[in-house]
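Reviewing the structure listed below.
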Amino acid sequence: MSSPGRAVPRRKPPHVLANAPFRRLWTAMSVCSLGDWLNIIALTALAGNLTRDAGFQTQSLAIGGVFIAKMLPAILLGPLAGAVADRFDRRLTMFLADLLRFALVLSIPVIGSYQWIVIATFLVECVNLFWVPAKDATVPNLVPKDRLEEANQLNLLVTYGTAPVAAVLFAVLSVAMDFVGSAAPSFSGQPTDIALVVNALAYLVSAVLIFTLRDIPKGHARQGAPSVLRQIVEGWRFVGANQVVRGLVIGMLGAFAAGGAVVGVAKAYVEAQQGGDAAYGTVFGAVFVGMAFGMFFGLRLLSGLSRRRLFGLAIVSAGLVLAAIALIHNLVIVVMLTVLLGACAGIAWIIGYTTIGLEVEDGLRGRTFAFLQSLARVVLLLVVAFAASLAGLFGSHPFTIGAMSYTFDGSHLVLLIGSVVAVVVGALALKQMDDRRGIPISVDLIAALRGVRFEPEQDEQPRGMFVAFEGGEGSGKTTQSRLLAIWLRDQGFDVVQTREPGSTKVGMRLRAILLDSTHQGLSARSETLLYAADRAEHVEKVIRPALYRGAMVVCDRYVDSSLAYQGAGRDLDKDEVAKVNAWATGGLVPDLTVLIDVPPSVGLRRHASPADRIESEPMDFHERVRREFRALAAANPDRYLVVDGTLPQGEVTRLIQDRVREILPDPVPTDAEANTGTIPAIKD
Ligand code: TYD
């Protein structure tokens, strides 16, 4: 079945931003992040301005009100938002969310009262809740698995990196408005208003970008899907039941709790060290510098370590650093330690995001991200509030040891508690997620620092290319798949040409049962399971091994045949047929499916040999099959090529080659195209 030839050459992969759909999503996200930060700066300033005359306390409360309005929706609506992201068209969800955000933000300067700021902020945040999980769940669909970490680095970079840009932009706007105001006093533009208009426009830009991003797969809404409530519960149950995801969630929440402790007492801590606002700003900045450092350099430095281990280790290390910060009271050392703390957090955050993208199947991903998003906010809110009160209650306790005087106050206590939480949670995550049981961590760490690469065992990436041919009886797909295999071999590729059912030893026996026209009584379900059994064997013994060694696999019929023949033809629940097959194939999906479409009346006439069990089905069976094939292709145009099978054979061949050429890892010159060998007669 296979021919020895050259494997698909491995070239240095292009940067993840060379991937056009991801680039577009990323641009939308950057614009939104910039808008979000402008929003925070402008709104807190505006809330302060609007309540300026009411005294410092009211002003602080007003600013606090804006923050609470930002946090509350996640707690109330987060789970629903995740279910929406998993159930409906994610592109549409994001697009509508962008339009709503645009209108809401624009309404703030128009209405201009403090109450409306709080209400609108609350509403915008509600909408954000739907946007974010839809986006998070989409990223893993747009970039290949091995580039996901890189994509997440870029995502986090713009999520936080746009904050200083927004601050500068706001400052520039303020200065510009002052200038305009003094030059033309009749013009009374407030910088906060202008910033909010810019913020609204950012959402509009994002709406346009997302709308034109056709590569986002459609949602999973189908007839017979469980209710939203059941989906929410299913999402929670999944997080609780999956060991790796549980470990990740515990770890990320623990890290958040520790982070919340730092935020809650940072000001008091710095003040106790006789540091002013500048020192506070420096410590704060140090966290972000550290995060960026960890995300980019830390991960590269430790690229040899198992990601799952590194996740837990980073959180434990964050805890230890935090303990040092609690005990060492020297501002310079603390700033350095804070960079380290940020680095640990950055590493953990990227790994957490990436691992969820890799481990959680598409249909559950929105809910998983939403779950994390909501819980993270609850934890943050509780911890910040609790940390500040605890620190205040504990007070300050100076004591002297010999000639040394040392003060231990509430902020130190909170940091110490935070550090213990981080260490415990990190250790738990490490235990839950460890993929190198029995191998001491120190051995891995030393190897990683020496530059030895860790290769995960199960997550090996298929490297070849998988093309499936589908179509009804007599469509000519068998001929065309052979011609494609010959053409690819001519280009020097290692090609495995195969078909379903019956390409393995067991498969041959299954095929005999399936197609034997004396077995007319075979039930639709057992027929489905037998095809799926043949496929499971085929994927494991033939297709996956070929893909791993870098071969091109050309397969005559695959999962879609079961969806069309058993799902539509035999009238079984398509979702169930899809699930059985996803399980049988371990989720392996072709890079391209070529559908050769012919009306059944034409196809069945092409047959010379006596009809087998399926061919002898009535015409409306074959009509349903054809409709289903076409519907599958229409739902995912990027992964399908539909060719009119009534076209001359040479024309069909050329259309297929043109499309395959686009997705080949190495460019193939067009002039090689005509050389397809002798054309056998149609056989299907
Ligand atoms: P085969 O002789 O290989 O026919 P073709 O040349 O049309 O591919 O027989 C395969 C038959 O099995 C075909 O009639 C379609 C049917 N079939 C299913 O019903 N479900 C499936 O999952 C597969 C792979 C095939």
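The values are calculated or read from the model by the stated rules, or taken from the named source; none is laboratory data. None of the values given here were measured: they were computed from a predicted structure. Virtual Cβ from ideal backbone geometry, glycine too; neighbours counted across all protein chains shown.
Among the residues making up segment 552-565, those that are more than 7 Å from the ligand (Cβ to nearest atom) and either closer than 17 Å to residue 657 by Cα or assigned to a strand (DSSP E or B) (or both) are 552, 553, 554, 555. Listed here are the helices (runs of 4 or more DSSP H) enclosed by segment 271-363 that have at least 2 residues being within 30 Å of residue 234 (Cβ to Cβ): 307-327, 331-359.
This table checks each residue for (1) modelled with pLDDT of 85 or more; (2) within 27 Å of the chain's Cα centre (by Cα); (3) under 30 Å from residue 590 (Cβ atoms).
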position: 94; (1), (2), (3): yes, yes, yes
position: 112; (1), (2), (3): no, no, no
position: 118; (1), (2), (3): no, no, no
position: 123; (1), (2), (3): yes, yes, no
position: 132; (1), (2), (3): yes, yes, no
position: 137; (1), (2), (3): yes, yes, yes
position: 152; (1), (2), (3): yes, yes, yes
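Among residues of segment 503-521 that are away from the ligand (no atom under 13 Å from the Cβ), those with a Cβ under 8 angstrom from a residue that is at pLDDT below 95 and not in a helix (DSSP H, G or I), sequence gap 6+ or separate chain, pair up as 520/613. Residue 484 meets the conditions (1) free of Cβ contacts under 8 Å to residues at least 24 places away in the same chain; (2) closer than 27 Å to residue 660 by Cα in every case but one. The failed one is (1). Quick one: would you say residue 488 is aliphatic (A, V, I, L, M), within 11 Å of the ligand (Cβ to nearest atom) and part of a helix (DSSP H, G or I)? Considered against the rule, which asks whether it is aliphatic (A, V, I, L, M), within 11 Å of the ligand (Cβ to nearest atom) and part of a helix (DSSP H, G or I), residue 488 comes out as no. Contact annotation: residue pairs with Cβ atoms under 6 Å, 6 or more positions apart or on different chains, pairing a residue in segment 152-181 that is in contact (Cβ under 8 Å) with a residue 12 or more places away in the chain and over 14 Å from residue 35 (Cβ atoms) with a partner that is buried (at least 17 other Cβ atoms within 10 Å of the Cβ) and not hydrophobic (A, V, I, L, M, F, W, C), are 152/353; 152/354; 174/191; 177/191. Select from segment 491-502 the residues that are more than 10 Å from the ligand (Cβ to nearest atom) and of a type outside the set (A, V, I, L, M, F, W, C) and list them in ascending order. If the condition is that a residue be more than 10 Å from the ligand (Cβ to nearest atom) and of a type outside the set (A, V, I, L, M, F, W, C), then 491, 492, 494, 497, 498 are the ones that fit.
Close contacts from segment 537-566, counting a first residue that is within 10 Å of residue 498 (Cβ to Cβ) and among the small types (Gly, Ala, Ser) and a second that is more than 13 Å from the ligand (Cβ to nearest atom) and assigned to a strand (DSSP E or B), with Cβ to Cβ under 8 Å and a gap of 6+ residues or different chains, come to 546/2; 546/496; 546/553.
Going by the conditions given, is residue 436 farther than 30 Å from residue 665 by Cβ, out of contact with any strand residue (DSSP E or B) (no Cβ under 6 Å at 6 or more places or on another chain) and not in a helix (DSSP H, G or I)? So residue 436 fits the description; yes. Counting only residues that are under 18 Å from the mean Cα position of the chain (by Cα) and under 17 Å from residue 370 (Cβ atoms), segment 238-254 holds 8 of them. Among the residues of segment 588-609, the one identified as of a type in the set (Lys, Arg) and away from the ligand (no atom under 11 Å from the Cβ) is 605. In segment 553-573 there is no residue matching the filter, namely being modelled with pLDDT under 95, crowded, with 20+ Cβ neighbours inside 10 Å, over 19 Å from residue 620 (Cβ atoms) and in the same structural domain as residue 621 (by TED's automatic domain parsing).
Are any residues in segment 139-150 at pLDDT below 85 and either touching a His at 6+ places or on another chain (Cβ under 8 Å) or outside any helix (DSSP H, G or I) (or both), and if so, which ones? 144, the sole residue that qualifies. When residues in segment 136-151 are screened for being in contact with a Gly (Cβ under 7 Å, 6 or more places away or on another chain) and closer than 13 Å to residue 94 by Cβ, 2 of them pass. If only residues of segment 469-480 that are surrounded by 24 or more Cβ atoms within 10 Å (Cβ to Cβ) and not in a loop (DSSP other than H, G, I, E, B) are counted, the one that is farthest from the ligand (Cβ to nearest atom) is 480.
Can you say whether residue 642 is more than 16 Å from the ligand (Cβ to nearest atom) and outside the structural domain of residue 213 (by TED's automatic domain parsing), as far as the supplied structure shows? Judged against the criteria, residue 642 is a match.
Regarding residue 612, is this residue in contact (Cβ under 8 Å) with a residue 24 or more places away in the chain, near the ligand (Cβ under 9 Å from one of its atoms) and in a helix (DSSP H, G or I)? Criteria not met by residue 612.
Of 422, 387, 427, all but one fail to be modelled with pLDDT of 75 or more, farther than 18 Å from residue 311 by Cα and touching a helix residue (DSSP H, G or I) at 6+ places or on another chain (Cβ under 8 Å); the exception is 387.
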